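A short worksheet on the structure shown next.
The values are calculated or read from the model by the stated rules, or taken from the named source; none is laboratory data. Because the structure is predicted, anything quoted here is derived from the model rather than measured. Positions of Cβ are backbone-derived with ideal geometry, glycine not excepted, and every protein chain shown enters the neighbour counts. Note: areas computed on protein heavy atoms with side chains; ligands, DNA, RNA excluded. Shrake-Rupley method; radii C 1.70, N 1.55, O 1.52, S 1.80 Å.
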Amino acid sequence: MRPFHLQEYWTALRTIVAKEVLRFSRIWVQTLLPPMVTTALYFIIFGGLIGSRIGDMDGYRYMDFIVPGLIMLAVITNSYSNVVSSFFSSKFQRHIEELMVSPVPNSLIILGFIGGGVARGLAVGLGVTLVSLFFSPLAVHNLPVALSVVILTSILFSLAGLINGVFARSFDEISIMPTFVLTPLTYLGGVFYSVSLLPGFWQDVSKLNPILYMVDAFRYGLLGTSDLSLTVSYLIILGFIGALYVFALVILNRGIGVRS
Amino acid sequence: MTDAALEIRGLRKTYGNGVEALKGIDLTVEEGSFFALLGPNGAGKSTIIGIITSLVNKSAGQVRVFGFDLDRELQEVKRNIGIVPQEFNFNTFEPVGEIVVNQAGYYGIPRRDAWRRAQRYLEELGLWEKRKEMARTLSGGMKRRLMIARALVHEPRLLILDEPTAGVDIELRRSMWEFLQHINCDGRSIILTTHYLEEAEKLCRNIAIIDHGRIVENTTMKALLAQLDTETFVLDLREAPQRIPNHPDIALRALDPLTLEADIHRGQNINTLFHLLDKEGIQIHSMRNKSNRLEELFIRMTQLDGEHGKGLRAAS
Ligand SMILES: Nc1ncnc2c1ncn2[C@@H]1O[C@H](COP(=O)(O)OP(=O)(O)O)[C@@H](O)[C@H]1O
Ligand SMILES: [Mg+2]
């Protein structure tokens, strides 16, 4: 009996990631372009037209203040939707069976889909950053923090998208979470304002929103300003990644949504 | 003794909705076999295949593939099986070549190697020219062959095909049969499910018939066809016979002192039977056609609509 060698795992993982990247690249007009157009509009309307009347936020020009949040918004939604739609459509068209009959372990399937989600998240994040250069000079206060936060956040939401994809039974069910949970939490997660502006009670409520910590940590990485503790933010992000990964592994091992 | 290609013991499956699809299946497929799993729609064929290929969870029982246990040595089981499912299950928006090469990748085969193998199987199946086309542009028969190439790319020792010729026209069906025979001669074991008797008859040396989740027959094709060629009558006698006569074309058996069973070759005159019994002074009180499970099965199957029904009727 021959165990699956490390080299073979590596080949399998690369195959899944490459396939995922090719998938969203082929349909770049649907996947890569829209977030850049949307973000450009945000910059023009909020940053340019309205922002000039708002004045400073946390000591920064409003335009400069919203850049990190808008990058995160794009990374979060794109990582999530890449994995949820890829997984759901592979279930819908049944080609998830190609992976299920093969010796690829479920942990590797999860990593492969994360790879695709992170690739799309970072590609869009980079695109949005480039768009932002037209409106705001790019500040990088602490590159390792900025990069690690954006990558970890992307991993986190890839996992969340995967779980959504596993449970979803219809196309409706893959848009419910993004529309009713993800987008509101992101908008309320300090993308457009500093939580320190909120009255005490709403500040406390906001602190239950995990996205707040990610946006805040990323803003620290770029601008050097933050409302919350960086350590707490990292712990929250890593905690969520751990929990979601274990949950994803359990449901894949049980064959939920894919095995009868 | 070498391990059987497939060994199934006490396999049961009850789906979530309460449908009891398998009610205790025992089945052995020897290495090198070309094995047919024959049965009407809904008999449980795809459920068995689904369990072997880990797409369906079993409710009870044991499955071994070349001696590897499905529960304990899943990776080895998977590595030794290639599956051509009943329904198309590839990404129709992926190019033909990519589909095969990616599948190889999932088995840990590096890309360059994977392309070489993909080329070999796609060429043999007449699809190499189409490698850059999106899979959705292929005809039904080509899609089926694409799935065969995909199933072979990791060179499994056991190839399983679930209704491989559904939707494939007659010309292509024959060339697919030839291809499968050629693959089998190379030493690969093959299991195919079908509800199309001619297909099983042309290709397979061993056969199991499944109905309502039970194996109702498991034999060689030769024995099965021989069975199909005979008709069995049950004779009730007035008194116990002295002895039971012999005849080259009629097999007689005593079920009890007053009951005989006679297997008569089709085309043989039933008068021959009467003469034979008359000569021995055996008097027949009544006689009836024995309802044969197999016979019944086939009659029911021949009542299926469409192409497959016709195929069965022509063969029986
Ligand atoms: N996913 C499923 N959920 C519930 N019942 C199913 C499912 N798949 C098959 N069945 C039922 O199980 C029985 C066997 O089906 P199947 O194995 O597909 O038969 P076959 O392949 O011989 O036509 C049928 O009654 C079918 O309706
Ligand atoms: Mg079937």
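Please indicate, with yes or no, whether at least one residue in the range B:155-164 is more than 16 Å from ligand 2 (Cβ to nearest atom) and either free of Cβ contacts under 8 Å to residues at least 24 places away in the same chain or more than 27 Å from B:Glu76 (Cβ to Cβ) (or both). For the range B:155-164, residues more than 16 Å from ligand 2 (Cβ to nearest atom) and either free of Cβ contacts under 8 Å to residues at least 24 places away in the same chain or more than 27 Å from B:Glu76 (Cβ to Cβ) (or both): absent.
Taking the conditions (1) more than 28 Å from the chain's Cα centre (by Cα); (2) open to solvent by 50 Å² or more (accessible area, probe 1.4 Å); (3) among the hydroxyl-bearing types (Ser, Thr, Tyr) in turn, B:Thr92 satisfies each one other than (2). B:His285 falls short on exactly one of the conditions (1) closer than 30 Å to B:Asp211 by Cβ; (2) assigned to a strand (DSSP E or B), and that condition is (1). Residues that are without any contact (Cβ under 8 Å) to a residue 12 or more places away in the chain, away from ligand 2 (no atom under 14 Å from the Cβ), in the same structural domain as B:Thr193 (by TED's automatic domain parsing) and not hydrophobic (A, V, I, L, M, F, W, C): does the range B:17-40 have at least one? Yes, that holds for at least one residue. Within the bounds of the range A:227-250, is there any residue that is under 23 Å from A:Phe46 (Cα atoms) and touching a strand residue (DSSP E or B) at 6+ places or on another chain (Cβ under 8 Å)? Checked against the condition, which is being under 23 Å from A:Phe46 (Cα atoms) and touching a strand residue (DSSP E or B) at 6+ places or on another chain (Cβ under 8 Å), the range A:227-250 yields no hits at all. Is it true that B:Met134 is modelled with pLDDT under 95 and assigned by TED's automatic domain parsing to the domain that holds B:Val65? For B:Met134, the condition - modelled with pLDDT under 95 and assigned by TED's automatic domain parsing to the domain that holds B:Val65 - is not met.
Report yes if B:Arg79 is basic (Lys, Arg), within 11 Å of another protein chain (Cβ to nearest Cβ) and more than 13 Å from ligand 1 (Cβ to nearest atom), otherwise no. So B:Arg79 passes the test. Here B:Arg144 meets the list (1) more than 13 Å from chain A (Cβ to nearest Cβ); (2) part of a helix (DSSP H, G or I); (3) under 25 Å from A:Lys91 (Cβ atoms); (4) more than 16 Å from ligand 2 (Cβ to nearest atom) almost entirely, failing just condition (4). Is it fair to say B:Pro85 is within 14 Å of another protein chain (Cβ to nearest Cβ), under 26 Å from B:Ala149 (Cα atoms), of a type outside the set (Val, Ile, Thr) and within 16 Å of ligand 1 (Cβ to nearest atom)? It is true that B:Pro85 is within 14 Å of another protein chain (Cβ to nearest Cβ), under 26 Å from B:Ala149 (Cα atoms), of a type outside the set (Val, Ile, Thr) and within 16 Å of ligand 1 (Cβ to nearest atom).
Here are some conditions: (1) within 14 Å of ligand 2 (Cβ to nearest atom); (2) open to solvent by 30 Å² or more (accessible area, probe 1.4 Å); (3) within 11 Å of chain A (Cβ to nearest Cβ). B:Thr14 meets all but one. Which one does it not meet? Of everything listed in (1) within 14 Å of ligand 2 (Cβ to nearest atom); (2) open to solvent by 30 Å² or more (accessible area, probe 1.4 Å); (3) within 11 Å of chain A (Cβ to nearest Cβ), B:Thr14 misses just condition (1).
Among the residues of the range B:201-230, those that are of a type in the set (Asp, Glu) and open to solvent by 60 Å² or more (accessible area, probe 1.4 Å) comprise B:Glu201, B:Asp229.
Apart from one condition, B:Val100 fits all of (1) β-branched (Val, Ile, Thr); (2) within 20 Å of A:Glu8 (Cα to Cα); (3) within 16 Å of ligand 1 (Cβ to nearest atom); the exception is (3). Scanning the range B:151-172 for residues being more than 16 Å from ligand 1 (Cβ to nearest atom) and either surrounded by 15 or more Cβ atoms within 10 Å (Cβ to Cβ) or at pLDDT 95 or above (or both) gives a total of 11. Within the range A:137-149, the set of residues being open to solvent by 10 Å² or more (accessible area, probe 1.4 Å) and closer than 26 Å to A:Ile44 by Cβ comprises A:Pro137, A:Leu138, A:Ala139, A:Val140, A:His141. Condition check for B:Gln119 on (1) away from every other protein chain (no Cβ under 13 Å); (2) surrounded by 23 or more Cβ atoms within 10 Å (Cβ to Cβ); (3) not β-branched (Val, Ile, Thr): one failure, at (2).
Cβ-Cβ contacts under 9 Å between residues 6 or more apart (or on different chains), taken from a first residue in the range A:138-163 that is farther than 25 Å from A:Lys91 by Cα to a second residue that is buried (at least 20 other Cβ atoms within 10 Å of the Cβ) and among the acidic types (Asp, Glu), are listed as A:Ala139/A:Asp64. A count restricted to the range A:22-43 and to residues that are open to solvent by less than 40 Å² (accessible area, probe 1.4 Å) and over 17 Å from the mean Cα position of the chain (by Cα) stands at 3. The residue of the range B:180-196 that is nearest to B:Asn41 (Cα to Cα), among those that are open to solvent by less than 20 Å² (accessible area, probe 1.4 Å) and away from ligand 2 (no atom under 16 Å from the Cβ), is B:Ile190.
One line per residue, one yes/no per condition, for (1) of a type in the set (Gly, Ala, Ser); (2) out of contact with any Ser or Thr (no Cβ under 8 Å at 6 or more places or on another chain); (3) open to solvent by less than 60 Å² (accessible area, probe 1.4 Å):
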| site | (1), (2), (3) |
| --- | --- |
| A:Gln7 | no, yes, no |
| A:Arg14 | no, yes, no |
| A:Glu20 | no, no, yes |
| A:Ile45 | no, yes, no |
| A:Ser52 | yes, yes, no |
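Which one of these does B:Leu235 not meet: (1) within 31 Å of the chain's Cα centre (by Cα); (2) over 30 Å from B:Arg12 (Cβ atoms); (3) open to solvent by less than 50 Å² (accessible area, probe 1.4 Å)? Among (1) within 31 Å of the chain's Cα centre (by Cα); (2) over 30 Å from B:Arg12 (Cβ atoms); (3) open to solvent by less than 50 Å² (accessible area, probe 1.4 Å), B:Leu235 violates only (1). With respect to the conditions (1) open to solvent by 50 Å² or more (accessible area, probe 1.4 Å); (2) within 14 Å of chain A (Cβ to nearest Cβ); (3) under 23 Å from B:Arg205 (Cβ atoms), B:Ser59 falls short on a single one, namely (3).
In the range B:1-55, of all residues being over 23 Å from A:Gly255 (Cβ atoms) and small (Gly, Ala, Ser), the one that is farthest from ligand 1 (Cβ to nearest atom) corresponds to B:Gly32. The lone criterion from (1) open to solvent by 10 Å² or more (accessible area, probe 1.4 Å); (2) of a type outside the set (A, V, I, L, M, F, W, C); (3) away from ligand 2 (no atom under 16 Å from the Cβ); (4) under 18 Å from B:Glu87 (Cβ atoms) left unmet by B:Ser175 is number (4). Among the residues here, A:Asp172 qualifies as surrounded by fewer than 20 Cβ atoms within 10 Å (Cβ to Cβ) and in a helix (DSSP H, G or I). Among the conditions (1) open to solvent by 40 Å² or more (accessible area, probe 1.4 Å); (2) in a loop (DSSP other than H, G, I, E, B); (3) more than 13 Å from every other protein chain (Cβ to nearest Cβ), the only one that A:Leu130 does not satisfy is (2).
Those residues that are within 8 Å of another protein chain (Cβ to nearest Cβ) and either closer than 23 Å to B:Ser139 by Cα or of a type in the set (A, V, I, L, M) (or both), I need them from the range B:105-114; list them, please.
B:Ile109
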